[in-house]
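Participant: Attaching a single structure in structure tokens format; questions to follow.
Laboratory data are not the source of any read-out in this text; all were calculated from the coordinates shown. What you are looking at is a predicted structure, and each value in this text was computed from that prediction instead of being measured. Methodologically, a virtual Cβ is constructed for each residue, glycine included, from the backbone with ideal geometry; neighbour enumeration extends over all protein chains shown.
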There are 2 protein chains.
Amino acid sequence: MNDVTRRSVLASAGAAAALATVPSTHPSHASVPHAAKQAPGFYRYKLGSFEITVVTDGARTLPLADTFVINAKKDEVNAALAAAFMERDKITIPYSPIVVNTGSRLAIIDAGNGEAALAQSKGGAGQLQANLAAAGIDPKAINAVIISHFHADHVNGLLTPDNKPAFANAEILVPAAEWRFWMDDGEMSRAPKGRMEDLFKNNRRVFDALGRKVTPYEWNKEVVPGITAVETAGHTVGHTSYVIASGSSRVYVQSDVTNVPALFVRNPGWHAFFDQDPVKAEQTRRKVYDMVVVEKMPVQGFHYPFPSLAHLEKDGSGYRLVPVPWSPVI
Amino acid sequence: MNDVTRRSVLASAGAAAALATVPSTHPSHASVPHAAKQAPGFYRYKLGSFEITVVTDGARTLPLADTFVINAKKDEVNAALAAAFMERDKITIPYSPIVVNTGSRLAIIDAGNGEAALAQSKGGAGQLQANLAAAGIDPKAINAVIISHFHADHVNGLLTPDNKPAFANAEILVPAAEWRFWMDDGEMSRAPKGRMEDLFKNNRRVFDALGRKVTPYEWNKEVVPGITAVETAGHTVGHTSYVIASGSSRVYVQSDVTNVPALFVRNPGWHAFFDQDPVKAEQTRRKVYDMVVVEKMPVQGFHYPFPSLAHLEKDGSGYRLVPVPWSPVI
């Protein structure tokens, strides 16, 4: 013990003896409660004159289903998890929407799982609104919600737990191809029971609660100025990615071109069970990754580990994430 | 534009016309100011029954000196930066102290650059106190400051800008070998002019302001229960790393066994100009990295990108960082 500390302890012990009802304020060697709370999950960077805020919706850890990768054995998947220093027989899927402030528009790309997911996931997923608040972003100030595709972890956050619009003043922009497919009664009637039928029902539930008031957008056009929609179908029929461009800076927002990178960036030939057209999804994946490698374009990945921004490099038969280092200043 | 938005815009336009002095509260398509402020730089994880909070002191970007790596050409260093998708001719060095709550002790390992560095680095370095506050950690509650070695980015944060103790109630624990070397007047008198002499002077300045009240600690012993000091000399004569252990969980706190991983983890044979004994530093580096690879022990690296926690894998003649994915829950 150093002299300062010894003196303080003695002084504090004396004070405590003299006035026993006043708790000692000297904390040395006292037990300090754990904070037990993670830091808020947001991260900012500039892209030209735009400001991008990655705002995580959290992550969900699930048992590794035997068919999580439909064309690889569970042992192979576990080996890939081990190579990434991850636990076997489990899969943790993060979710990271981004808010883009273009100056004229305050847009969010994808809406996450919704706060209703918090209870069911024990706080893991559904964190978007809390993290928006931590980032100082009022959901009422968001004037565009851009949806990449109609899976529950992207659209359910359009609603509050009591089924009101979570972004009360926002235009809801959806891929035209996605809108046509999921809102088509014929497609719904032909959907296999189980997951596909459930997705149709969930999408009707969400968009009916919004009065189906959406703005469908087309590929190869700007959804809002500076954010161009790019066709990356396969994961779903209308699955969309984006190029955000400001000045000479660009970032590729890949949406679900891959799910968890430790599996699907490393093994682009693996087919996740939730890819609607897995062969097309793989073609899209290889095309997109070959392009971003050549262009050295940073990629924002919805299912990459937060803050979900990385460069890609080719590595053997697959690719590898090189995360952009966290910058403590903007 | 969807119907809700159009109605809102019309309503808001009408209100504005009727009462022109009241600003419209409808934010749709209105310009929203950039937040222009990074998220607080802290990150928490459990290690057995311990809680560890990585609290970054920020980062500093410097022009790449010709002699930054004394045994590699600047072109080779620039090639390594390019391979890591970093800008050439610059080097960004992050600083990440960690706070360890063992239950009985609240310890911080290394003190960062000190708040006085904020002005000179334009807010890049010297963020520790602000990030401790964001993490809800009162510096007065910290009862042990464990110093790994006596370089300015590790010891200057022991003092406030007005040269008072920054951790008023903490025992200051220093490596015995480091204390002997830097406080030895003979060693100081033999120090080469320039950087080494400046380091001696800086260390006298810092520890004299603290009345030289420190607790020297020895290698291969617990500095505080659960944190064992490990000899990793070379970077300095008394340079120290740590194994933190709780239950069956361990993390290796490497201090400056490597500086920026994109250069020195990838190229363990490269000698940074600030290594006091570069040959010994390289031997230490290879020994430590071979060990953590075999043991699969996660490494907390003071100069790794925040949150500075990674696994290591062997890759060709060097090693590669596999960052531990950010967990949105503890």
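Participant: Considering only C-alpha atoms, what is the centroid distance from the stretch A:197-259 to the stretch A:27-94, in Å?
Facilitator: If we compute the Cα centre of each part, the gap is 24 Å.
Participant: Using a Förster distance of 35 angstrom, determine the FRET efficiency expected from the C-beta separation of B:Ser49 and B:Asp208, and round it to 0.05.
Facilitator: On the way: r = 38 Å, r/R0 = 1.09.
Calculated value: 0.40.
Participant: How far is helix B:195-209 tilted, in degrees, relative to the longest principal axis of the Cα atoms in chain B, given as a value from 0 to 90 rounded to the nearest 10?
Facilitator: 80 degrees
Participant: Evaluate the distance, in nm, between pseudo-label points positioned 7 Å from the Cα of A:Ala133 and of B:Glu313 along their respective Cα→Cβ axes.
Facilitator: Going by the 7 Å Cα→Cβ label model, 4.0 nm.
Participant: For the pairs A:Lys37/B:Lys213; A:Lys280/A:Lys314; A:Lys122/A:Lys280; A:Lys90/B:Lys296; B:Lys37/B:Lys122, flag any whose C-alpha to C-alpha distance is greater than 23 Å. Can you show the working numbers first?
Facilitator: Working: A:Lys37/B:Lys213 34 Å; A:Lys280/A:Lys314 21 Å; A:Lys122/A:Lys280 35 Å; A:Lys90/B:Lys296 19 Å; B:Lys37/B:Lys122 13 Å.
Cα-Cα > 23 Å for A:Lys37/B:Lys213; A:Lys122/A:Lys280; rest within.
Participant: Where a Cα-Cα gap under 15 Å defines reach, which aspartates and glutamates qualify for B:Lys73, not counting those fewer than 8 residues away within the same chain?
Facilitator: Within the straight-line cut-off, B:Lys73 pairs with B:Asp89.
Participant: I'd like the mean, over residues of A:266-275, of how many other protein chain beta carbons sit within 10 Å of each residue's own Cβ. Intermediate values should be presented prior to the final figure.
Facilitator: Values: counts 0, 0, 0, 0, 0, 0, 0, 0, 0, 0.
Taking the mean over all residues of the peptide, I get 0.
Participant: Could you list A:Phe273, A:Phe207, B:Phe264, B:Phe181 in order of exposure, starting from the residue whose Cβ has the fewest other Cβ atoms within 10 Å? Intermediate values should be presented prior to the final figure.
Facilitator: Values: A:Phe273 14, A:Phe207 22, B:Phe264 25, B:Phe181 19.
Going from least to most buried by this count: A:Phe273, B:Phe181, A:Phe207, B:Phe264.
Participant: Separate question: How many partner chain Cβ atoms sit within 10 Å of a residue's Cβ in peptide A:100-109, on average, as a whole number?
Facilitator: On the way: counts 0, 6, 2, 4, 4, 5, 6, 0, 0, 0.
The shielding value for this peptide is 3.
Participant: Let me spell out the model: positive unit charges on the Cβ of Lys and Arg, negative unit charges on the Cβ of Asp and Glu, origin at the Cα centre of the protein assembly as shown. What dipole size does that give, in debye rounded to 20? Numbers along the way, then the final one.
Facilitator: Values: 66 positive and 64 negative charges, 96 e Å.
Dipole of the protein assembly as shown, to the nearest 20 debye: 460 debye.
Participant: How far is A:Ser248 from the same spot in each other copy, in nm, shortest first, if each label point sits 7 Å from Cα toward Cβ?
Facilitator: Those label-point separations list as 5.4 nm.
Participant: If I fit a long axis through the Cα atoms of helix B:3-18 and take the longest principal axis of the Cα atoms of chain B, what angle between them do I get, 0 to 90°, rounded to 10?
Facilitator: Helix B:3-18 and the main axis of chain B meet at about 70 degrees.
Participant: Follow-up. Rank by packing, highest mean first: peptides B:98-105, A:298-305, with packing defined as the count of other Cβ atoms within 10 Å averaged across residues.
Facilitator: On the way: B:98-105: 21.6, A:298-305: 24.2.
So the order, starting with the most tightly packed, is A:298-305, B:98-105.
Participant: Counting only other chains, what is the mean number of Cβ atoms within 10 angstrom of the Cβ of each residue in peptide A:317-325? Please list the in-between numbers first.
Facilitator: Working: counts 0, 0, 0, 2, 2, 7, 6, 4, 13.
Per-residue shielding by partner chains comes out at 4.
Participant: Here is a further query. What nm distance separates the two modelled labels at B:Glu295 and B:Glu76, each placed 7 Å from Cα along Cα→Cβ?
Facilitator: 3.0 nm
Participant: Using amide H atoms built 1.01 Å from N in the peptide plane, name the residues 5+ places from A:Tyr217, or on other chains, whose amide H lies under 5 Å from its own.
Facilitator: The answer is A:Val174, A:Ala176.
Participant: Okay, moving on. Which of the peptides B:214-220, B:129-135, A:236-242 is most tightly packed, and how do the rest follow, judged by the mean count of other Cβ atoms within 10 Å per residue? Can you show the working numbers first?
Facilitator: Values: B:214-220: 15.6, B:129-135: 19.6, A:236-242: 24.9.
Per-residue mean Cβ counts within 10 Å order the peptides as A:236-242, B:129-135, B:214-220.
Participant: Now for a separate question. Given charges of +1 on the Cβ of Lys and Arg and -1 on the Cβ of Asp and Glu, with all other atoms neutral, how large is the dipole of the stretch A:43-323 about its Cα centre, in debye to the nearest 20? Spell out each step's value before the answer.
Facilitator: On the way: 30 positive and 31 negative charges, 44 e Å.
The dipole magnitude comes to about 220 debye.
Participant: Please give the peptides B:248-254, A:244-250 ranked by average Cβ packing (other Cβ atoms within 10 Å per residue), highest first, as a rough proxy for protection. Please report the intermediate quantities before stating the final value.
Facilitator: On the way: B:248-254: 19.4, A:244-250: 15.1.
The packing order, highest mean first, is B:248-254, A:244-250.
Participant: For chain B, set up a GNM with springs between Cα atoms under 10 Å and report which of B:Val155, B:Val257, B:Val69 has the largest fluctuation.
Facilitator: Between B:Val155, B:Val257, B:Val69, it is B:Val69 that shows the largest mean-square fluctuation.
Participant: Classify the stretch A:43-323 from the C-alpha gyration tensor, please: rounded if a/c falls under 1.5, else prolate or oblate depending on whether a/b exceeds b/c.
Facilitator: The shape class here is rounded.
Participant: Then there is this: Dipole of the stretch A:228-330, Cα-centred, from +1 at each Lys and Arg C-beta and -1 at each Asp and Glu C-beta, to the nearest 20 debye? Before the final figure, lay out the partial values.
Facilitator: Numbers: 9 positive and 9 negative charges, 40 e Å.
My answer is approximately 200 debye.
Participant: Label A:Val243 and A:Lys37 with points 7 Å out from Cα along Cα→Cβ: what is the distance between them in nm?
Facilitator: 4.3 nm
Participant: Between rounded, prolate and oblate, where does the protein assembly as shown land on the alpha carbon gyration tensor, with a ≥ b ≥ c its root eigenvalues, rounded for a/c under 1.5, else prolate if a/b exceeds b/c? Walk me through the numbers on the way to the answer.
Facilitator: Details: a/c = 1.97, a/b = 1.63, b/c = 1.21.
Prolate, because a/c is 1.5 or more and a/b exceeds b/c.
Participant: Could I ask something else about it? Of A:Arg88, A:Arg285, A:Arg320, A:Arg266, how do they rank once you tally other Cβ atoms within 10 Å and put the fewest first? Working shown, then result.
Facilitator: Values: A:Arg88 13, A:Arg285 25, A:Arg320 17, A:Arg266 20.
Lowest count first: A:Arg88, A:Arg320, A:Arg266, A:Arg285.
Participant: If one takes the longest principal axis of the Cα atoms in chain B, at what angle in degrees, from 0 to 90 and to the nearest 10, does the Cα axis of helix B:74-83 lie?
Facilitator: 50 degrees
Participant: Take every Cα pair under 8 Å in chain A that's 6+ residues apart, average their separations, divide by the length, and report that relative contact order as a whole percent. Walk me through the numbers on the way to the answer.
Facilitator: Working: 650 pairs, mean separation 50.9, N = 330.
Value for chain A: 15 percent.
Participant: What is the stretch B:194-280 by shape, rounded, prolate or oblate, if you read a ≥ b ≥ c off the alpha carbon gyration tensor as root eigenvalues and call it rounded for a/c under 1.5, prolate for a/b larger than b/c, and oblate otherwise?
Facilitator: It is oblate, given that a/c is not under 1.5 and a/b is not larger than b/c.
Participant: Would you work out which of A:Val294, B:Phe200, B:Asn169 lies farthest towards the positive end of the dipole of the protein assembly as shown? Charges go on Cβ: Lys and Arg +1, Asp and Glu -1.
Facilitator: B:Asn169
Participant: When B:Lys213, A:Lys164 are ordered from fewest to most other Cβ atoms inside 10 Å of their Cβ, what list results? Walk me through the intermediate numbers first.
Facilitator: Numbers: B:Lys213 16, A:Lys164 10.
Ranking B:Lys213, A:Lys164 by Cβ neighbours within 10 Å, fewest first, gives A:Lys164, B:Lys213.
Participant: From the helices alone, meaning DSSP H stretches of at least four residues, give me the mean residue ellipticity at 222 nm for chain B, per-run term -39500 (n - 2.57), in deg cm²/dmol to the nearest 500.
Facilitator: Details: 10 runs with 91 residues, N = 330.
One gets -8000 deg cm²/dmol as the mean residue ellipticity at 222 nm.
Participant: Regarding the stretch A:254-330, what is the average projected area of its C-alpha convex hull, in nm²?
Facilitator: Working: hull surface 20.4 nm².
In nm², the orientation-averaged hull projection of the stretch A:254-330 is 5.1.
Participant: Put the label 7 Å from Cα along Cα→Cβ for B:Asp290; what are its distances to the other copies, in nanometres, shortest first?
Facilitator: 4.2
Participant: Next up: For A:Ala134, place a label point 7 Å from Cα along the Cα-to-Cβ direction in every copy; what are the distances to the other copies, in nm, shortest first?
Facilitator: Those separations, rounded to one decimal, come out as 1.0 nm.
Participant: Rounded to whole angstrom, how close does the nearest chain B beta-carbon get to the axis mapping B onto A, and which residue is it?
Facilitator: Measuring from each Cβ to the axis, the minimum is at B:Pro323, 3.
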